[in-house]
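Written out below as structure tokens is the structure these notes cover.
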Amino acid sequence: SSSSSSSSTGGTTLMATLDYDQSKDAVVLTADTKIGKGDEIYVTEPVGMSNAELLLTKGYCRSDNPDDFVTVQANVVMADALYTAKKQILDAYNMSEEQTFLVYKDRLPLELLSYLRLSRLQNTDELLKLDFEGDKPISEMNE
């Protein structure tokens, strides 16, 4: 995970990223152009990082972090008797048999709920009831 930096040299702003390089066991600054000796570089607040990523890479968390999320992975098992039908439905919604969803503290993606419902379906009649556009339960047993 990296953070953006900018440097001002005579009115020009240079873009750079600051990241930890595990192979070098070092923090590395990579710029899109040459940064001269004595040029000032400003490291900005990372954007799009969850508190878990901030803690691991920067050593702190933000209580007001709008990008704080956890990732939830869900999948459809190939051994499922309805795997082929489920895969076709997922393909139609540009999803895969292994899907990652971002869950924020104040919202849950509707696609995750539909995906989980699909993954648990065991009868073909219920496939027709599936709705990826809204939060619509399929059956009491499926919930």
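The values are calculated or read from the model by the stated rules, or taken from the named source; none is laboratory data. What you are looking at is a predicted structure, and each value in this text was computed from that prediction instead of being measured. Cβ placement follows ideal geometry from the backbone for every residue including glycine, while neighbour counts extend to all protein chains displayed. The accessibility values were calculated without ligands, DNA or RNA, using every heavy atom of the protein model including side chains. Shrake-Rupley method; radii C 1.70, N 1.55, O 1.52, S 1.80 Å.
Here are the numbers for the structure shown:
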quantity	calculated
Fraction of accessible area attributable to carbon and sulfur, the range 30-143 (%, probe 1.4 Å)	52 percent
Length gained when the stretch residue 140-residue 21 is fully extended (0.36 nm per residue, less Cα-Cα span)	37.9 nm
For the chain, diffusion coefficient by Stokes-Einstein and Kirkwood Rh (Cα), 25 °C, 0.890 mPa s, µm²/s	130 µm²/s
Probe 1.4 Å, protein heavy atoms only - accessible area per residue of the chain in square angstrom	68 Å²
Accessible area in the full protein assembly, largest first, 1.4 Å probe, for 117, 62	62, 117
Charge tally in the Cβ shell below 11 Å around residue 51, where Lys, Arg are +1 and Asp, Glu are -1, residue 51 excluded	-1
Listed residues 23, 139, 50 arranged by accessible area, highest first, probe 1.4 Å	23, 139, 50
Residue 133 accessible area, assembled protein chains, probe 1.4 Å, Å²	140 Å²
Accessible surface of residue 103 - all protein chains present, 1.4 Å probe, nearest 10 Å²	30 Å²
Heavy atoms of residue 101 accessible to a 1.4 Å probe, total area in Å² rounded to 10	10 Å²
